[in-house]
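**Q** What follows is a single structure, and I will ask about it in a moment.
Each reported figure results from applying straightforward, stated rules to the coordinates on display, with no laboratory input. Keep in mind it's a predicted model, so treat the numbers as computed, not measured. All Cβ positions, even for glycine, are placed from backbone atoms using ideal geometry, and neighbour counts span all protein chains on display.
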Amino acid sequence: MNDTIAAIATPYGSGGIGVIRISGPDAMDIAAQIFSRTRTPGPAARDLETHRVHHGYILDKGDVIDEVLLIPMFKPRSYTAEDVVEIQAHSGSIVLKQILELLLSNGARLADPGEFTKRAFLNQRIDLTQAEAVADIINARSASALKFAAAQNLGALKNQIQDLRNRLIHLLSLVDVCIDFPDDVTDDDLAAQGMDTLDRVIDQCREFIRQHEDACFLKEGIRIAICGKPNVGKSSLMNRLLTREKSIVTALPGTTRDPIQDAVNMNGIPFVITDTAGIHDTDDLVEIIGIERAKDHIRDADLILFMVEPGTTLSEMEFKKMVPPDKKTILVINKIDLIQDRSGVEKQGGPSLPGLPSACDNLIQVNISALHDRGIRKLREKIVHLCVRDLTMDGSAVVPNLRHKNALTRVLSYLESAKQGFQTGQPEETLAIDLKNSIDSLGTITGETASLDILDTIFNNFCIGK
Ligand SMILES: Nc1nc2c(ncn2[C@@H]2O[C@H](COP(=O)(O)OP(=O)(O)OP(=O)(O)O)[C@@H](O)[C@H]2O)c(=O)[nH]1
Ligand SMILES: [Mg+2]
């Protein structure tokens, strides 16, 4: 951290402006070597006022490379809490690369991925949950994912974890007093206070884990599988939901073999939809493999759109083969145009509603025509409602990620053991070990006790320049 790093912070390619970022003790000196307020080399601009925008030119051996704006942000009021200089240049890959190379030849080092954010963490401007939230904001694929990431970036998770950690540290200090001055605290007092703190912290850890399980798919996408017999219109529906022609549609049964997958946002919530091969009894080897893959996707899905068409019948057995019990399922009756006109009046002489087993009675049913774009909006509403209604995320914008969840699970096991220790009157020294371990595990979430391995894993996933 004693050196000065530089990187292009904006994406590769052409654009209005591109930003080059420099951070470290020599940031201003290095920038001053290549920046001039006039088109010709002048005295080095070292005395620029901090947190102001300065107009000037980047010069290379007297030649103007670009007209730029330069913003010095001296420590500690900067992204990394070090001296930072940002140069706003015209955004073309050649011009940005030339400016970067000039900075490197004047003493800066090319930043590693995520190194600016890593420095912000190591300089204690942000904790590890906030650093992770920076990557989540950049990678957010939906409004809901962005909302959680933004709250975490502002310290929502950090504050709550620190509060739990402080409670445990307080309890540990009480246990330490008991060890050193056994006469000052009675066993009963310690047990009462210990149980109270442990119950509260355990409840909160469980709540965090529940929130992870409830809402992590809001970050990654809720998995929907479209399934049914061949030719019922699964691929047509897939294309409607994606609003583009992704899956091949033909009048031939057995058109879709490989599962076709794509992501889409509905109401700001990310979904990953899979169109699958029609399920039926067949001797065709390729179809058999496709059907096996379809079943894998159906098993892993969070929601199934089970499709049928008018004029067919389905036995209980056939239904069970396609839809596993206890899966969230919407019964989609497609090709409704064959039996009803646009105003919902029954057509005479055509096919009738499908004959379905009683297991379908409890399913939410939506009638659509994928071909004529009827009922699709209602189906979208039902999908969103069914997937999000169980979430009790109101008032709590905290969604721990998998790393946090694993740490919380470790914390829980130490605390359960400590609780048992209090209940069975174990020696204070043993209780202290469990408490210490739980405090350390909580610290890995915020970064207070995180190992270098954890830091490397987190920051290596960042882009360069962040
Ligand atoms: N009348 C009518 N035809 C439809 C509708 N939706 C789909 N089709 C037709 O039904 C046929 C099969 O559609 P697909 O979307 O390929 O059906 P699928 O379920 O994906 O078929 P497989 O991949 O073979 O299992 C095509 O000819 C579609 O044009 C609809 O709402 N009404
Ligand atoms: Mg298909």
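**Q** Where does the charge balance sit around Asn461 when Lys and Arg score +1, Asp and Glu -1, over other residues with C-beta under 13 Å from its C-beta?
**A** Counting the neighbours of Asn461, the net charge comes to -2.
**Q** Further question on the same structure: Could you give the size of the charge dipole of the chain about its Cα centre, using +1 on the Cβ of each K and R and -1 on the Cβ of each D and E, expressed in debye and rounded to the nearest 20?
**A** Around 2160 debye, computed over the chain.
**Q** Exposure proxy check: Ile336, Ile138 ranked by fewest other beta carbons within 10 Å?
**A** Ile138, Ile336
**Q** Please give the peptides 230-242, 181-193 ranked by average Cβ packing (other Cβ atoms within 10 Å per residue), highest first, as a rough proxy for protection.
**A** Highest to lowest by the protection proxy: 230-242, 181-193.
**Q** How much length would be gained if the chain were fully extended between Glu448 and Gln348, taking 0.36 nm per residue of separation minus their Cα-Cα distance, in nm to one decimal?
**A** So the chain would gain 28.7 nm between Glu448 and Gln348.
**Q** Extending each Cα 7 Å along its Cβ direction at Asn159 and Arg299, get the distance between those two points in nm, one decimal.
**A** For the pair Asn159/Arg299, the computed spacing is 4.4 nm.
**Q** To continue, here is another question. Step through the table entries Lys97/Lys158; Lys97/Lys219; Lys234/Lys328, compare each Cα-Cα distance with 29 Å, and write down the pairs that go over it.
**A** Over 29 Å Cα-Cα: Lys97/Lys158; Lys97/Lys219.
**Q** Could you please rank Leu146, Leu154, placing first whichever residue has the fewest other Cβ atoms within 10 Å of its Cβ?
**A** Listing Leu146, Leu154 from fewest to most nearby Cβ atoms yields Leu154, Leu146.
**Q** Moving on. Please state the relative contact order of the chain as a whole percent: Cα pairs under 8 Å, 6+ residues apart?
**A** Relative contact order for the chain comes out at 16 percent.
**Q** Give me the dipole magnitude in Debye, nearest 20, for the stretch 219-388 about the Cα centre, with unit charges on the beta carbon: positive for Lys and Arg, negative for Asp and Glu.
**A** Using Cβ point charges on Lys, Arg, Asp and Glu, the stretch 219-388 gives about 580 debye.
**Q** Calculated FRET efficiency, Asn123 and Glu292, Cβ-Cβ r, R0 51 Å, to nearest 0.05?
**A** 0.45
**Q** For the stretch 219-388, what class follows from the C-alpha gyration tensor (a ≥ b ≥ c being the square roots of its eigenvalues): rounded when a/c is under 1.5, otherwise prolate if a/b is larger than b/c, else oblate?
**A** Verdict is rounded for the stretch 219-388.
**Q** Now for a different question. Which of Gly350, Gln98, Ser23 sits farthest toward the positive end of the charge dipole of the chain, with +1 on the Cβ of Lys and Arg and -1 on the Cβ of Asp and Glu?
**A** It is Gly350, whose Cα lies furthest towards the positive end.
**Q** For the residues Leu128, Leu104, what sequence is obtained by ranking on other C-beta atoms within 10 Å, fewest first?
**A** Fewest to most other Cβ atoms nearby, the residues stand as Leu104, Leu128.
**Q** Further, regarding this structure: What are the semi-axes of the equivalent ellipsoid of the stretch 276-337, taken as the square roots of 5 times the eigenvalues of the Cα gyration tensor, listed largest first and rounded to whole Å?
**A** Output for the stretch 276-337: semi-axes of 19, 16, 11 Å.
**Q** Which FRET efficiency value, to the nearest 0.05, do you get for Arg141 and Thr243 by plugging their Cβ-Cβ distance into 1/(1 + (r/R0)^6) with R0 = 22 Å?
**A** For R0 = 22 Å, the calculated efficiency reads 0.85.
**Q** With +1 on each Lys and Arg Cβ and -1 on each Asp and Glu Cβ, and nothing else charged, work out how big the dipole of the stretch 62-180 is about its Cα centre, in Debye to the nearest 20.
**A** 380 debye
**Q** Multiply the residue gap between Lys436 and Glu207 by 0.36 nm, knock off their C-alpha separation, and tell me the result in nm, one decimal place.
**A** 80.3 nm
**Q** Given the Cα-Cα distance of Asp262 and Lys328 and 0.36 nm per residue of separation, how much length would full extension add, in nm?
**A** Contour length minus Cα-Cα distance gives 21.8 nm.
**Q** When a/c reaches 1.5 or more, the comparison of a/b and b/c decides; with that in mind, is the chain rounded, prolate or oblate per its Cα gyration tensor?
**A** The shape class here is oblate.
**Q** What percent does the relative contact order of the stretch 219-388 come to when contacts are Cα pairs within less than 8 Å and at least six residues apart?
**A** 23 percent
**Q** Straight distance only, please: which aspartates and glutamates reach the Cα of Lys75 with their own Cα at less than 17 Å, same-chain residues fewer than 8 apart left out?
**A** Lys75 reaches Asp3, Asp26, Asp29, Asp47, Glu49, Asp83, Glu86, Glu115.
**Q** Select from Asn265, Thr4, Ser369 the residue farthest towards the positive end of the dipole of the chain; place +1 on Cβ of Lys and Arg, -1 on Cβ of Asp and Glu, and compute about the Cα centre.
**A** Ranked along the dipole, the leading option is Ser369.
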